[in-house]
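Please treat every number below as a calculation from the coordinates, not as lab data. Quick caveat, the model's predicted, so the values are computed rather than measured. As a convention, Cβ positions derive from the backbone with ideal geometry for all residues, glycine included, and neighbour counts pool all protein chains shown.
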Amino acid sequence: MSSFVLPAATLWQRELVRFWRQKSRVLGVVASPLVFWLLIGYGSNDLARFYSGALVLTVMFSAIFSTISIIEDRREGFLLSMLVSPAPRTSMVLGKILGSATLAWIQGLIFLAFAPLAGVRIGVLELIPVAAAIFLISFTLTGLGFVIAWRMESTAGFHAIMNLLLVPMWMVSGSLFPMATAHGVIRAIMWANPLTYSITLLNGTLGLPNANPGPLVSTAVTAAFGLLLLLASGLMAAQKATRSAA
Amino acid sequence: MIEVQNLTHRYGDRVALSNVSFEVKQGEIFGLLGPNGGGKSTLFRILSTMMVPTEGRAIIAGHDVVRDPAAVRGRVGVVFQTQSLDKALTVEENLRAQGHLHGLSGDDLRERMDRAMERLGLADRRNDLVETLSGGLRRRVEIAKALLHRPQVLLMDEASTGLDPSARRDLTRHVESLRENEGVTILLTSHLLEEADRCDRLVLLHQGRIVAHGTPRDLRARIGGDVVVLETADAKALAAGIEQRFGLHASAMDGHVRVEIQNGHRFIAEVVEAFPGTVDSVGLHKPTLEDVFVHETGASIE
């Protein structure tokens, strides 16, 4: 048991310690979604409509930032020693994803401090489901980042995927316009986009509009997507290599 | 302690290792010497369980690296050519994390960490961030980290790369004392002759094949006598002239001619007289591993 928990716990802790020592990272992750949000929100006179999208973007940036480091880390970093340690790969994957998800979550919570600007008042009791929703979204996006980063040989490749897949995925998730008024094709894409359900989940827990299809479906889809990515990460990491990334 | 049997590895069409076999005995310091691209790194990746070979097998401490990598990983310490430390953590934090990866914790881990830091002279640096350490010190942290779980075998890939001569000597001293005091078997890859010379036994790798195999002394003894090196403007012409005139094998390599011969000092006088004005400078030395490599492959290690 300890040979599974201990490696995962040490990886999780490592993420937090590194984060604490590079606190300026927070600024990089939170600042640009905040600026986007304020510009679009004040520009269109509707801060509330874009709030959840901006929060998800914060979480996404943090998840990308954490998982992109996998590429360098396994070539010349701590991940190398993990690869030749007897610790199970699944424990390694879990530790890395939980650690990075925790950081994304913390940054999402920091963004939550701006909720009053969107007219959202969160009581202590409401904080629990909101925090849980943000964690679930953080976990899912970190899993997505892991799956993309694991096979990558260069960070440039990750940047390309970020621009061609992740950012468009965010744009058609209901972060900028609701599914209800979207054009047919786009609406279909939004319906199939797992991120759409992250946005509706947040809108629902924050009491903002555009929360369909309701908390139950939103939570279920987000959680299922997250678990699927965790499984994929585990399978990818456990695979034997016939060529080295280094 | 290490058995390598008919290992072959291909990256697509490119053959990186071709039917490599050798054995390393317990407590030996064993070297893989060869130029970059000779197959050392591929072999290292296979032995450290990072990669599965195309054919053949390797057994370390009784366990197959492909079939039972977890058992091998628990018995082998790996020192990479590149860094495998977390620069944002301290020396102690890196070691503790490594211990956790091996399922070690509590007092046992603390004792092992103290001992490893003591052994490698890192005790007064334990709370320093790795990013503030010199290259030589980082290398020592890497070794301390690799020893934490008391491996029977230590694999080191180009461990002295990027170190200055004093840090390199220091590293050699630590490696030798490990073998003396702990009986650790050490397999290292290198493209440095002086490092290879300190191994008990070694193999020379060239284009994925073993071209020579033995103790440094035996390997050098393959070349009888001396090696004479002549610098000249036209190496090919001089080599041809020597072969014709003396009936000796002479090899021409960028700007100089090498001849392996008994009583080289006499030959020097003869050759300089025989080709007046063509020889710019003359050198005579006892055979080195570089000479053995040139002898076997016609190519230079560097």
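Based on the mean of other beta carbon atoms within 10 Å per residue, what is the order of B:128-135, B:225-232, A:13-20, most packed first?
Listed from highest to lowest mean packing, they are B:225-232, A:13-20, B:128-135.
To the nearest 10 degrees, how steeply does helix A:2-21 sit against the main Cα axis of chain A, on a 0 to 90 scale?
Value to nearest ten degrees: 60.
Packing-wise, with mean Cβ within 10 Å as the measure, how do A:139-146, A:211-218 rank, highest first?
A:139-146, A:211-218
In whole Hz, with x marking every Gly and Pro, tabulate ³J(HN,Hα) for region A:31-42 from phi via Karplus 6.51 cos²θ - 1.76 cosθ + 1.60, θ = phi - 60°.
Per-residue couplings from phi come out as 4, 5, x, 5, 5, 3, 4, 5, 5, 5, x, 5 Hz.
Considering amide H positions built from the backbone, and no H for Pro or chain starts, which residues 5 or more places from B:His213, or on another chain, come under 5 Å of its amide H?
Amide H neighbours of B:His213: B:Leu204.
Springs between alpha-carbon atoms under 10 Å, Gaussian network over chain A: tell me which of A:Leu228, A:Leu202, A:Leu117 tops the mean-square fluctuations.
A:Leu117
Just how far, in whole angstrom, is region A:202-236 from region B:181-234 if you go by their alpha carbon centroids?
Distance between centres, Cα-based: 61 Å.
Scan around B:Leu154 for amide H atoms under 5 Å from its own, H built in the peptide plane at 1.01 Å from N, and keep only partners 5 or more places away or cross-chain.
Placed amide hydrogens put B:Gly77, B:Thr185, B:Ile186, B:Leu187 under 5 Å from B:Leu154.
With each run of n ≥ 4 DSSP H residues scored as -39500 (n - 2.57), what mean residue ellipticity at 222 nm is computed for the protein assembly as shown after dividing by its residue count and rounding to the nearest 500 deg cm²/dmol?
-17500 deg cm²/dmol, from helical runs alone.
Would you mind classifying chain A by shape? Square roots of the alpha carbon gyration tensor eigenvalues, ordered a ≥ b ≥ c; an a/c under 1.5 is rounded, otherwise it is prolate if a/b is larger than b/c and oblate if not.
Judged from the Cα gyration tensor, chain A comes out prolate (a/c at least 1.5, a/b above b/c).
Taking θ as phi - 60°, what are the ³J(HN,Hα) couplings along region A:60-69 by the Karplus curve (6.51, -1.76, 1.60), each to the nearest whole Hz, with x for Gly and Pro?
Coupling constants for region A:60-69: 5, 4, 5, 5, 5, 4, 6, 7, 5, 5 Hz.
Taking 25 °C and 0.890 mPa s as the conditions, I'd like the Stokes-Einstein D for region A:88-222 in µm²/s, using the Kirkwood hydrodynamic radius from alpha carbon pairs.
So the translational diffusion coefficient is about 153 µm²/s.
If you average the alpha carbon positions of region A:67-112 and of region B:21-70, how far apart do those two centres end up, in angstrom?
28 Å
Order these by the 10 Å Cβ neighbour count, fewest first: A:Trp191, A:Trp170.
A:Trp191, A:Trp170
On a 0 to 90 degree scale, rounded to 10, what angle separates helix A:194-206 from the longest Cα axis of chain A?
60 degrees
What ranking do B:Ser105, B:Ser18, B:Ser160, A:Ser62 get, fewest neighbouring Cβ atoms within 10 angstrom at the top?
B:Ser105, B:Ser18, B:Ser160, A:Ser62
Please give the Cα centre distance for region B:114-147 versus region B:75-101, rounded to the nearest Å.
One Cα centre to the other: 10 Å.
Where the convex hull is taken over the Cα atoms of region A:67-166, what is its projected area averaged over directions, in nm²?
7.9 nm²
From other protein chains only, count the Cβ atoms within 10 Å of every residue's Cβ in A:126-134, then give the mean. Show your work: numbers first, answer last.
Numbers: counts 0, 0, 0, 0, 0, 0, 0, 0, 0.
Across A:126-134, the average partner-chain Cβ count within 10 Å equals 0.
For the protein assembly as shown, compute Rg over Rh where Rg is the Cα radius of gyration and Rh is the Kirkwood radius from the inverse mean 1/r over Cα pairs.
The Rg/Rh ratio comes out at 1.12.
Take chain B, connect every pair of alpha-carbon atoms lying under 10 Å apart with a spring to form a Gaussian network, then pick out the residue of B:Gln262, B:Gln26, B:Gln244 with the largest mean-square fluctuation.
Result for chain B, Cα springs under 10 Å: B:Gln244 fluctuates most.
Order of B:40-47, B:90-97 by packing, highest average Cβ count within 10 Å first?
B:40-47, B:90-97
Using only the alpha-carbon atoms, how far is helix A:214-238 inclined from the longest principal axis of chain A? Give it as 0 to 90 degrees, nearest 10.
20 degrees
Considering every residue in B:70-81, what mean count of other chain Cβ atoms within 10 Å of its Cβ is obtained?
3
Which of A:Lys96, B:Lys25 has the fewest other C-beta atoms within 10 Å, and how do the rest follow up to the most?
Sorted ascending by nearby Cβ count, the order is B:Lys25, A:Lys96.
Could you work out, residue by residue across A:71-77, how many beta carbons of other chains sit within 10 Å of that residue's beta carbon, and then give the average as an integer?
Values: counts 0, 0, 2, 2, 4, 7, 6.
Shielding by partners across A:71-77 averages 3.
For B:Arg201, list long-range residues whose amide hydrogen, built 1.01 Å from N in the peptide plane, is under 5 Å from its own amide hydrogen.
When sequence neighbours closer than 5 places are left aside, the close amide H contacts are B:Ile29, B:Gly31.
Please work out the Cα convex hull volume for region B:224-286 and give it in Å³ per residue.
70 Å³
Per residue, what volume in Å³ does the convex hull of the Cα atoms of region B:172-302 enclose?
Looking at region B:172-302, the number lands at 117 Å³ per residue.
Ordered by residue, what ³J(HN,Hα) values in Hz, to whole numbers, does region B:134-151 give under the Karplus form 6.51 cos²θ - 1.76 cosθ + 1.60, where θ = phi - 60° and Gly and Pro are x?
For region B:134-151, the Karplus-derived couplings read 6, x, x, 5, 4, 4, 5, 5, 4, 5, 4, 5, 5, 9, 3, 8, 6, x Hz, x marking Gly and Pro.
Once the cut-off is 30 Å, how many percent of the Cα-Cα pairs in chain B end up in the long-distance tail?
For chain B, the share of Cα pairs beyond 30 Å comes to 42 percent.
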